[in-house]
Amino acid sequence: MKRLKNGVLSLLSVLAVLSCGEKKPAQEVKLTDKQLLIEIEGQYEMLHTTATPHISEENYIPRTINDDGTTRFVGNYNWTSGFYAGSLWYLYGLNNDAKWKKRAIEYTEKLDTIQYWGGNHDVGFIMECSYGNGIKFSNDKAETYDKIIVQTAKSLATRFVPKAGIIQSWNSSSRWDCPVIIDNMMNLELMFHATKISRDSTYYQIAVSHADNTIKNHYREDNSSIHVLDYDRENGEILQRKTAQGFKDDSAWARGQAWGLYGFTVCYRETKNEAYLKQAKKIANFIKSHPNLPEDQIPLWDYDVTAEPDTERDASAAAIAASAMIELSTFVPEEESKEYLQWAYRILESLTSKAYRAEVGTNNGFLLKHSVGSIPHNVEIDVPLNYADYYYLEALYRKKFWF
């Protein structure tokens, strides 16, 4: 990361020129980093005040806003349960205020039972965002949290299907034999982390096998990803190529493309296998060069839907991609790095604008507006989502402390 320091001033100069040349709303005033952080803290104070009365209930983690305007809370076994704790950890990382650390610890340690749960592949999301960040930001918790990360990896390893070489996502049903979704790339970080802690290569081997088969089977010639593959558990053959949340089976669901970009960037970080870096760059270029990508770089919910003025955007997909691009920029030559960083910062500029970031005191305390959960299921359409906030904060943290 430090090797880029010499190029930072020139990069910032380019960004300044671009900023001056862009048309902005008349009332838009660009905040300093300090002003932005103050507004973010104001929103999360509001969210904390709303969440606190629910802390002793089964559903206590703020996820989104219901149709009636109330905050929707979820429990430990919801796939999004770790993102709120993770956002609190990043707030602590950004401002070093002990109150955010205290809150992060509280919401992290309530997830303790997840380490023993093998019922879902999303334990990687849940525990890396919470306990994983706890290890990063709190040395006094590292020894205890390390054990929990390893135990969670043991639980996730029970979902590995050797004949297919993948970690099964959803459970088998009348519709699926062994479904694997592109989102599952995000759970591999847990396996790599557990390997470093335990020195047990089993987790590493599972992660690599899953990543290799994802490159082989999930990606099309244009470098877009299929959402769901259904494998035959007994011989590893592919039974179906489908989507659950995208526009159609052969379309490019926006958040799925971002999951893949982020996941393969992590895989390269942990293995230094050039195949993973190459795949991450292919995905990045698919997104960046797509003719349906809007000028403000916040994608439509699927890259293959018709681009109309009222077509839903997905701020969560943009935030995931921005955070991934910042990390990817640290693994490539300087000219490529500048290009990726410039793109990531442009996304962050849009997300930070009034078009996507909520004013203090609105949006029930969530930071970002205009995300999409699942249009085919008619749920969480044009709403805030806790994972959009999480990856936005992660990107801001990386921007501030890596460069």
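The values are calculated or read from the model by the stated rules, or taken from the named source; none is laboratory data. Since this is a predicted model, take the numbers as computed values, not measurements. All Cβ positions, glycine included, derive from the backbone under ideal geometry; neighbour counts span all protein chains shown. Each accessible area value is taken on the protein alone, full model and side chains, heavy atoms only, with ligands, DNA and RNA left out. Shrake-Rupley method; radii C 1.70, N 1.55, O 1.52, S 1.80 Å.
Tell me which residues, restricted to the range 345-359, are polar (S, T, N, Q) and not in a helix (DSSP H, G or I).
Selection gives SER353 alone.
Going by the structure shown, is ASN76 open to solvent by less than 50 Å² (accessible area, probe 1.4 Å), in a loop (DSSP other than H, G, I, E, B) and either in contact (Cβ under 8 Å) with a residue 12 or more places away in the chain or farther than 20 Å from PHE366 by Cβ (or both)?
Values: open to solvent by less than 50 Å² (accessible area, probe 1.4 Å): yes; in a loop (DSSP other than H, G, I, E, B): yes; either in contact (Cβ under 8 Å) with a residue 12 or more places away in the chain or farther than 20 Å from PHE366 by Cβ (or both): yes.
Considered against the rule, which asks whether it is open to solvent by less than 50 Å² (accessible area, probe 1.4 Å), in a loop (DSSP other than H, G, I, E, B) and either in contact (Cβ under 8 Å) with a residue 12 or more places away in the chain or farther than 20 Å from PHE366 by Cβ (or both), ASN76 comes out as yes.
Please find, among SER174, SER209, the residue that is among the small types (Gly, Ala, Ser) and either free of Cβ contacts under 8 Å to residues at least 24 places away in the same chain or surrounded by 22 or more Cβ atoms within 10 Å (Cβ to Cβ) (or both).
SER174
Just a yes or no: is a residue in the range 292-314 part of a helix (DSSP H, G or I) and either open to solvent by 60 Å² or more (accessible area, probe 1.4 Å) or farther than 17 Å from GLY246 by Cβ (or both)?
no
Which one of these does LYS216 not meet: (1) part of a helix (DSSP H, G or I); (2) touching a helix residue (DSSP H, G or I) at 6+ places or on another chain (Cβ under 9 Å); (3) open to solvent by 10 Å² or more (accessible area, probe 1.4 Å); (4) closer than 17 Å to GLN168 by Cβ?
Every listed condition holds for LYS216 apart from (2).
Considering (1) surrounded by fewer than 18 Cβ atoms within 10 Å (Cβ to Cβ); (2) in contact with a Leu (Cβ under 7 Å, 6 or more places away or on another chain); (3) assigned to a helix (DSSP H, G or I), say which one LYS278 fails and leave the rest.
Every condition holds for LYS278 apart from (2).
With the requirement that a residue be among the small types (Gly, Ala, Ser), in contact with a strand residue (DSSP E or B) (Cβ under 9 Å, 6 or more places away or on another chain), closer than 22 Å to TYR77 by Cβ and open to solvent by less than 20 Å² (accessible area, probe 1.4 Å), what does the range 146-169 give you?
The one that is among the small types (Gly, Ala, Ser), in contact with a strand residue (DSSP E or B) (Cβ under 9 Å, 6 or more places away or on another chain), closer than 22 Å to TYR77 by Cβ and open to solvent by less than 20 Å² (accessible area, probe 1.4 Å): SER169.
Do we have PHE331 as under 20 Å from TYR204 (Cβ atoms) and in contact with a Leu (Cβ under 7 Å, 6 or more places away or on another chain) here?
When the stated conditions are applied, PHE331 passes them.
Considering each of ALA98, ALA85 in turn, give the residue that is of a type in the set (A, V, I, L, M, F, W, C), over 18 Å from ALA194 (Cα atoms) and open to solvent by 60 Å² or more (accessible area, probe 1.4 Å).
Going through ALA98, ALA85 in turn, the sole match is ALA98.
Can you tell me which of SER316, SER353, SER337 is over 30 Å from GLY42 (Cβ atoms) and either modelled with pLDDT under 95 or not aliphatic (A, V, I, L, M) (or both)?
Residue meeting the stated conditions: SER337.
Could you check how many residues of the range 120-140 are open to solvent by 20 Å² or more (accessible area, probe 1.4 Å) and in contact with a helix residue (DSSP H, G or I) (Cβ under 9 Å, 6 or more places away or on another chain)?
Number of matching residues: 5.
Quick check on the range 186-205. Is at least one of its residues open to solvent by 50 Å² or more (accessible area, probe 1.4 Å), among the aliphatic types (A, V, I, L, M), in a helix (DSSP H, G or I) and out of contact with any strand residue (DSSP E or B) (no Cβ under 6 Å at 6 or more places or on another chain)?
Scanning the range 186-205 turns up at least one residue that is open to solvent by 50 Å² or more (accessible area, probe 1.4 Å), among the aliphatic types (A, V, I, L, M), in a helix (DSSP H, G or I) and out of contact with any strand residue (DSSP E or B) (no Cβ under 6 Å at 6 or more places or on another chain).
Report, by residue number, each residue of the range 171-186 that is farther than 28 Å from ALA324 by Cα and of a type in the set (Asp, Glu).
Once the filter is applied, which keeps residues that are farther than 28 Å from ALA324 by Cα and of a type in the set (Asp, Glu), the range 171-186 yields only ASP177.
So for the range 249-271 (the condition being over 21 Å from the mean Cα position of the chain (by Cα), surrounded by fewer than 19 Cβ atoms within 10 Å (Cβ to Cβ) and either within 29 Å of ALA207 (Cα to Cα) or aromatic (Phe, Trp, Tyr) (or both)), does at least one residue qualify?
Yes, there is a match, as at least one residue in the range 249-271 is over 21 Å from the mean Cα position of the chain (by Cα), surrounded by fewer than 19 Cβ atoms within 10 Å (Cβ to Cβ) and either within 29 Å of ALA207 (Cα to Cα) or aromatic (Phe, Trp, Tyr) (or both).
Is one or more of the residues making up the range 360-383 surrounded by fewer than 19 Cβ atoms within 10 Å (Cβ to Cβ), part of a strand (DSSP E or B), of a type in the set (A, V, I, L, M) and touching a residue at least 40 places away in the same chain (Cβ under 8 Å)?
Checked the range 360-383: at least one residue is surrounded by fewer than 19 Cβ atoms within 10 Å (Cβ to Cβ), part of a strand (DSSP E or B), of a type in the set (A, V, I, L, M) and touching a residue at least 40 places away in the same chain (Cβ under 8 Å).
Which number in (1) among the acidic types (Asp, Glu); (2) under 24 Å from the mean Cα position of the chain (by Cα); (3) part of a helix (DSSP H, G or I); (4) surrounded by fewer than 21 Cβ atoms within 10 Å (Cβ to Cβ) marks the one condition that GLU143 misses?
Going through (1) among the acidic types (Asp, Glu); (2) under 24 Å from the mean Cα position of the chain (by Cα); (3) part of a helix (DSSP H, G or I); (4) surrounded by fewer than 21 Cβ atoms within 10 Å (Cβ to Cβ) one by one, GLU143 breaks only (2).
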